[in-house]
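So the structure is just underneath, and the comments pick up after that.
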Amino acid sequence: MSLSKFVFIAVSLGLYGHAEEERITYDGSNKRDPIFIAQGKKLIYCLDEKDDLIRAVSLDLSDPESEPVPLFDDDRSHQTELAYSPDERFVSFSECVSNLTGKLVIRDLGANKDAIIDHSGRGAYRTPVFTVDGKRVIYAFAEKGPMQLWSVDLEGKDKIQLTETEGLTHWPSFTPNGEHMVFANSRENNYEIYIRDIEVGEERRLTENRIMDIRPRVSPDGSKICFVSTRDGNYEIYVMNIDGSDVVRITDNEERDDFPSWHPDGNRIVYVSERDGQKDIFLVDIPKPVKVTVR
Amino acid sequence: MIGVGNFKAADCSGVGRRSFLKTAAAIPFTLGSSNQVMEAAQAAQKSGKVKSVILLWLWGGPSHIDTFDPKPDAPMEYRGPFGTIPTKTPGMHFTELMPLMASRSDKYTMIRSMVTTSNDHPTAGTIGLTGFNENAGPVQPNFGSIIAKDQVSTEALPSFFYVGRGIPRDLPRRIEGYGGGTLGKAYDPFLVRADEHGEVSIPQLDLLKGITPKRIQDRQRLLQQLDNAERRLESAGIDEWHRTHQSAYGLLADSKARQAFDLTQESEKVRSRYGQTTFGQGCLLARRLAEARVPYIQVNWSEYVETFSPNCDFGWDTHIFNFELLQDRHCPILDRAYSALIDDLSDRGMLDDTLLIAMGEFGRTPKISNRAAREHHKDCYFSIWAGGGIEPGRVIGESDAKAEHPITRPITPLQVGTTIAELCGIGARKRAEMKVLDGGSVIHELI
């Protein structure tokens, strides 16, 4: 039996192993956007520090006694959706700088310098991500209506519009070879996940549900995509193959599971889970197919 | 735990929560002249007159088309990115952002034909809370102030509470219609707040330094401390001190009154149902205040309308990131807190005599803006009604195919206030005697 056929059977029968999970935070405050840096030794996420401030924090996972510490000195502006360049010299994030005005920060941590991006409009920047070569930042921005994907270099220059489509486009993510970009778009009445061949420009739809499939992220080895869907009644984390096949539900909680991101080892996913009204960060193993004999 | 001024009073003792329940004094129920009003009054009497009103004030203008009035067949530039889900009410769909409320729609009735007359936050806020434009003459009283004047709270508790961070405002100014208006400042709301952990504080008492939880048990010493504080403040020229803090004195001096603020008396299960958010815990506090027979409790979603601005507490004014913030923050919080509250009221048998309303000051433009968001829209929005004799599980009013305008009879904030008053036993004659809600009519479809 081929591997693909075996996997199909396993999925059809729901024969995936139990997903082991580890709880990382315990304070229950509102959180979002967890990602790993430093080969998985540090966790970056955004936290409601006060009832009027979302702040990026860093948690040292090598020290069990460590507490989250603010990532930046600025304690007046909301900071969300952080992304790091492959060499972790640059960080990009969405920041609220004044009334109803956002900004996309591309910060050179080595030189302690921010790039300035020039767009018309009031700054509805979202979901930045670095290209695989670390030379550009892709982000979502609404300049003339629909939220589109744009690209700039690390100095915020050489701005290019990557998408020109109806609906809202968010959450770009690249395969490790840089040949494909995965994202979500709402042109089919609700958010669905698409993959684009960057060289050819062709797009293919990977999901098809009457309700949302969002926040796709390509695995470190490029073979899978984790994402969030409400197809089973509430927000749960799923994994599918890069071609959209073999969808496996990873979480099964009564409340919301959201904001998934891959651990660098590619075997685990970090996410925010709401349990008993409290939001904390968990790390879950990707369950392995259980070997069964089909007679 | 109760936070009073600059300390937390975790160890207050006193009579248990159940023993704190009192039956409100019977107040004559004055009827209006119309058949609808008569029917409404009769319906309210049949199920028991409303003894407490909880208004969930969704400040900033929540988007109706992205929540409770979706239009999946509207053109792309209107309908937004969210799928729709069925509710328990036949024919009524919500967006997928409100699954918990959708599964409970048999417990409340939705109005989809609200209209107001201003697209300015403070102005529309005053209209939404008083029924009248603040520029048309003296500022009229908040609906809560009207109820507070008519119905005296039991024990030491004030009759009109604001639960939240402060008086609703936008960055330039606060709303005028927050309080007593023509009825006087004696009917202003009393402000309390619950943080995300359920710790309740009374901002008016922040100036009372040096009072410890132990001292609060000693009433004589407490009053002495308070008198000293009052003298200090009066000498400092704070002339509002006496009026606004009399109720606070009572709260501190009366152990039974303090019980209403102690969310630790709730089980972890109950507290968690509301969610670890300021709005969620505020809704739980509102339920406790209603249980203590406070006549009117307004839970403010936020102090500021601004949704994504420094130092502002995430109001519903989603000029940018409308879809993102609704999905990631606002709707999950509201969906959970409202569902917990209505379940809780229902489970405790409180819905018959507690009226629960949720609404904002206006809706948002159905046509998506250049910033992929939505602007202010006074011409169509929603309100949600439960308990207090309201027949649940229905939709009242209908908007057009793009959710831009009602195609049925528009319903106004003045009608909202008049209906609240009517259900609380303040009929047309009494309203005329109080010189409030002039010209208002009851939303007879509700009852």
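The values are calculated or read from the model by the stated rules, or taken from the named source; none is laboratory data. Source: prediction; values computed, not measured. Neighbour counts are summed over all protein chains in view; Cβ atoms, including those assigned to glycine, are modelled from backbone coordinates with ideal geometry.
Only strands (runs of 3 or more DSSP E) whose full extent lies in segment A:142-193 are considered here, and the ones with at least 3 residues that are in contact with a strand residue (DSSP E or B) (Cβ under 9 Å, 6 or more places away or on another chain) and touching a residue at least 40 places away in the same chain (Cβ under 8 Å) are A:169-174, A:180-185. Within segment A:48-79, restricting attention to residues that are within 23 Å of residue A:110 (Cβ to Cβ), crowded, with 18+ Cβ neighbours inside 10 Å and within 14 Å of another protein chain (Cβ to nearest Cβ), the residue that is modelled with the lowest pLDDT is A:77.
Taken together, the criteria place residue A:258 among residues that are under 16 Å from residue A:32 (Cα atoms) and at pLDDT 95 or above. Each residue in segment A:124-133 was checked for being facing chain B (nearest Cβ under 7 Å) and closer than 15 Å to residue A:98 by Cβ, and 1 pass. Within segment B:114-122, at least one residue is in a loop (DSSP other than H, G, I, E, B), within 16 Å of residue B:437 (Cα to Cα) and away from chain A (no Cβ under 14 Å). Between B:270, B:294, B:305, the distinction of being β-branched (Val, Ile, Thr) and surrounded by fewer than 24 Cβ atoms within 10 Å (Cβ to Cβ) belongs to B:270 only. The set of residues in segment A:246-277 being part of a loop (DSSP other than H, G, I, E, B), in contact with a helix residue (DSSP H, G or I) (Cβ under 8 Å, 6 or more places away or on another chain) and more than 14 Å from every other protein chain (Cβ to nearest Cβ) consists of A:246, A:247, A:263, A:264, A:265.
Total residues in segment A:83-116 satisfying the condition of being surrounded by fewer than 21 Cβ atoms within 10 Å (Cβ to Cβ), among the aliphatic types (A, V, I, L, M) and more than 14 Å from chain B (Cβ to nearest Cβ): the figure is 4.
Inspection of segment B:78-90 identifies at least one residue that is within 14 Å of chain A (Cβ to nearest Cβ), free of Cβ contacts under 8 Å to residues at least 60 places away in the same chain, in a strand (DSSP E or B) and not polar (S, T, N, Q). When B:323, B:279 are screened for being within 13 Å of chain A (Cβ to nearest Cβ), within 18 Å of residue A:29 (Cβ to Cβ), touching a strand residue (DSSP E or B) at 6+ places or on another chain (Cβ under 9 Å) and hydrophobic (A, V, I, L, M, F, W, C), only B:279 passes.
Applying the condition of being β-branched (Val, Ile, Thr) and at pLDDT below 95 to segment B:147-166 and asking which residue is surrounded by the most Cβ atoms within 10 Å (Cβ to Cβ) yields B:154. Filtered by the rule that a residue be hydrophobic (A, V, I, L, M, F, W, C), modelled with pLDDT of 95 or more and under 17 Å from residue A:49 (Cβ atoms), segment B:309-332 gives a lone residue, B:314. Of all residues in segment B:359-370, those satisfying the criterion of being out of contact with any Leu (no Cβ under 9 Å at 6 or more places or on another chain) and not β-branched (Val, Ile, Thr) are B:362, B:363, B:364, B:366, B:367, B:369, B:370. Inclusion of residue A:90 among residues that are within 23 Å of the chain's Cα centre (by Cα), farther than 22 Å from residue A:282 by Cα and touching a residue at least 60 places away in the same chain (Cβ under 8 Å) is warranted. In segment A:110-124, the residues that are over 11 Å from residue A:144 (Cα atoms) form Cβ pairs under 6 Å with partners that are surrounded by fewer than 17 Cβ atoms within 10 Å (Cβ to Cβ), at six or more places apart or across chains, as follows: A:110/A:89; A:115/A:155. The single condition among (1) within 14 Å of another protein chain (Cβ to nearest Cβ); (2) more than 22 Å from residue A:104 (Cβ to Cβ); (3) modelled with pLDDT of 95 or more that residue A:169 does not satisfy is (2). Given the condition in a loop (DSSP other than H, G, I, E, B), within 26 Å of residue B:273 (Cβ to Cβ), within 14 Å of chain A (Cβ to nearest Cβ) and small (Gly, Ala, Ser), answer yes or no: does some residue in segment B:94-104 qualify? Taking every residue of segment B:94-104 in turn, at least one turns out to be in a loop (DSSP other than H, G, I, E, B), within 26 Å of residue B:273 (Cβ to Cβ), within 14 Å of chain A (Cβ to nearest Cβ) and small (Gly, Ala, Ser).
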